[in-house]
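The values are calculated or read from the model by the stated rules, or taken from the named source; none is laboratory data. Only a predicted model underlies this, so the values are computations on that prediction, with no experimental measurement involved. Backbone-built Cβ (ideal geometry, glycine too); neighbour counts: all protein chains shown. Note: accessible area is taken over every heavy atom of the protein model, side chains too, but ligands, DNA and RNA are not part of it. Shrake-Rupley method; radii C 1.70, N 1.55, O 1.52, S 1.80 Å.
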Amino acid sequence: MSLSYATITDTGRVRPANEDSLFALPPLFMVADGMGGAHGGEVASARAAEVFSLADLGGDEGSEKLAELVREANRQIYELAVSDANLHGMGTTVTAALVRGDAVHLAHVGDSRAYRWRLGILKQLTEDHSLVGEMLRRGSISEEEAEVHPQRSIITRALGIEPGVEVDTDAVDWQPGDVFLLCSDGLSSMLNDEELAAVLARGESLEQTARALVEAANARGGRDNITVILFSPAEVLGNGARRGAEAAASAAVENGAGGARQDSGTRRSSARRQSRGIRQWLLSTWGRVTIALLAGVALLAGFWLINRNVYYVGADGSNVAIYRGLPVELGPLNFSSVFKVSSVRLDEMDAIDRGRMSRHELQSLNSAEDTVANYLRNIEERDQNQQPATGATGTATGAARATTGSTATSSTTGSGS
Ligand code: MG
């Protein structure tokens, strides 16, 4: 499996600082939106990202591992908040995703969001832990009312507020072409789902799409910090490299920085995955090159077979010859060769036969031999017809022919008489 992704976090147009944090190192992604006076929000979200960056992933974890990381982050942020008066009351949201095999595992607290974009449909995968979100789920307000509700930024669950935290977990499947979006409310409060979908529908690269989402939120006012993570899992054929030291070294807790990277995971072995992998491979550059080479080989093999079985009659020096193959030359490539040289001389042939021969009609060997025999017969017949015609008067015809005297002298004699 390969995972391409892009991340951006942006202060927006109104806030003095960026209190969002993110962590992205395939297969683990996380967005955190901090809150609290002074630098509390920044500290809280950065601590959450740090806990994720230090996560020890063995390879078969799911949502429960994510929930454990969220609870660990909660513990650390809570302890910081109660031990430092300046940080008192700080907290953060966390929306995290872990891609494992066929599944994208999710853990979530607060009003940051996870979405899945599939075949033109944007689906929100998380429930907002906000006052407005809960009113919406109870049905006491409409979605339209929720979008403009004055208390829509009040969250009902966050990390760092209490010693323990309830974490929502979920797991969804992914298919090739899916794009997953993790974002802080600085994006989702500025753009509704249709507007987010409109940007995703452009089908640009993840990096361009992430940038376009942030630009659109800023164009709407950018009233909050905006953080966007886009990732897209894809199957690759072959045993992809495991996440290694190099990737780990390039990873960092990101706060205020963006980037895009790619990573590969291990290959899966189920039949569905394999056929999906083969389909993708067929569409890849190497797949196309291989198909083109196979087609070329098939074409040459066909050419060779044809070459073994077709003949034509043509000139070889001053004689008529039977050629095997096709009367084709492509640059240095010649697709025929002399099979048999006949005793028929070109200068003995009449213009009609020479013209016929120059068309190089393809024929079987038998038919080519017949053609050459015809040329020979035509020459002989013409020679026989010519002898009396040049030499004799009408009365001498019979005798002259009887001599079969083929020679010039006999005709000379005839004409002299
Ligand atoms: Mg926010």
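Taking the conditions exactly as written (open to solvent by less than 80 Å² (accessible area, probe 1.4 Å), within 27 Å of residue 71 (Cβ to Cβ) and within 16 Å of the ligand (Cβ to nearest atom)), does residue 185 satisfy them or not? Here the answer is yes, as residue 185 does meet what is asked. Given the criteria within 15 Å of the ligand (Cβ to nearest atom) and either in contact with a strand residue (DSSP E or B) (Cβ under 8 Å, 6 or more places away or on another chain) or charged (D, E, K, R) (or both), does residue 118 qualify? It is false that residue 118 is within 15 Å of the ligand (Cβ to nearest atom) and either in contact with a strand residue (DSSP E or B) (Cβ under 8 Å, 6 or more places away or on another chain) or charged (D, E, K, R) (or both).
Screening region 137-182 for residues that are open to solvent by 40 Å² or more (accessible area, probe 1.4 Å) and of a type in the set (Gly, Ala, Ser) and picking the one that is nearest to the ligand (Cβ to nearest atom) gives 153. Among residues of region 176-196 that are of a type in the set (Asp, Glu), those with a beta-carbon under 6 Å from a residue that is assigned to a loop (DSSP other than H, G, I, E, B) at least six positions away or on a different chain give the pairs 185/111.
Note on region 146-155: residues that are modelled with pLDDT of 90 or more and not hydrophobic (A, V, I, L, M, F, W, C) total 0.
Here region 13-59 is the region considered, the condition is being among the charged types (D, E, K, R) and touching a strand residue (DSSP E or B) at 6+ places or on another chain (Cβ under 7 Å), and the residue that is farthest from the ligand (Cβ to nearest atom) is 50. Does residue 133 satisfy being at pLDDT below 95 and within 16 Å of the ligand (Cβ to nearest atom)? Spelling it out, residue 133 is indeed at pLDDT below 95 and within 16 Å of the ligand (Cβ to nearest atom).
Of everything in region 33-82 that is over 28 Å from residue 11 (Cβ atoms) and among the small types (Gly, Ala, Ser), the residue that is least open to solvent (accessible area, probe 1.4 Å) is 67. The criterion of being modelled with pLDDT of 95 or more and either among the basic types (Lys, Arg) or within 16 Å of the ligand (Cβ to nearest atom) (or both) does not hold for residue 200.
Every residue, every condition in (1) surrounded by fewer than 24 Cβ atoms within 10 Å (Cβ to Cβ); (2) among the aliphatic types (A, V, I, L, M); (3) touching a helix residue (DSSP H, G or I) at 6+ places or on another chain (Cβ under 6 Å), yes or no:
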position	(1), (2), (3)
86	yes, no, no
92	no, no, yes
114	no, yes, no
118	yes, no, no
122	yes, yes, yes
134	yes, no, no
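The residues in region 184-197 that are closer than 13 Å to residue 126 by Cβ and either modelled with pLDDT under 95 or of a type in the set (S, T, N, Q) (or both) can be counted, and the count is 2.
Residues in region 137-166 that are over 22 Å from residue 107 (Cα atoms) and either charged (D, E, K, R) or not in a loop (DSSP other than H, G, I, E, B) (or both): 138, 143, 144, 145, 146, 147, 148.
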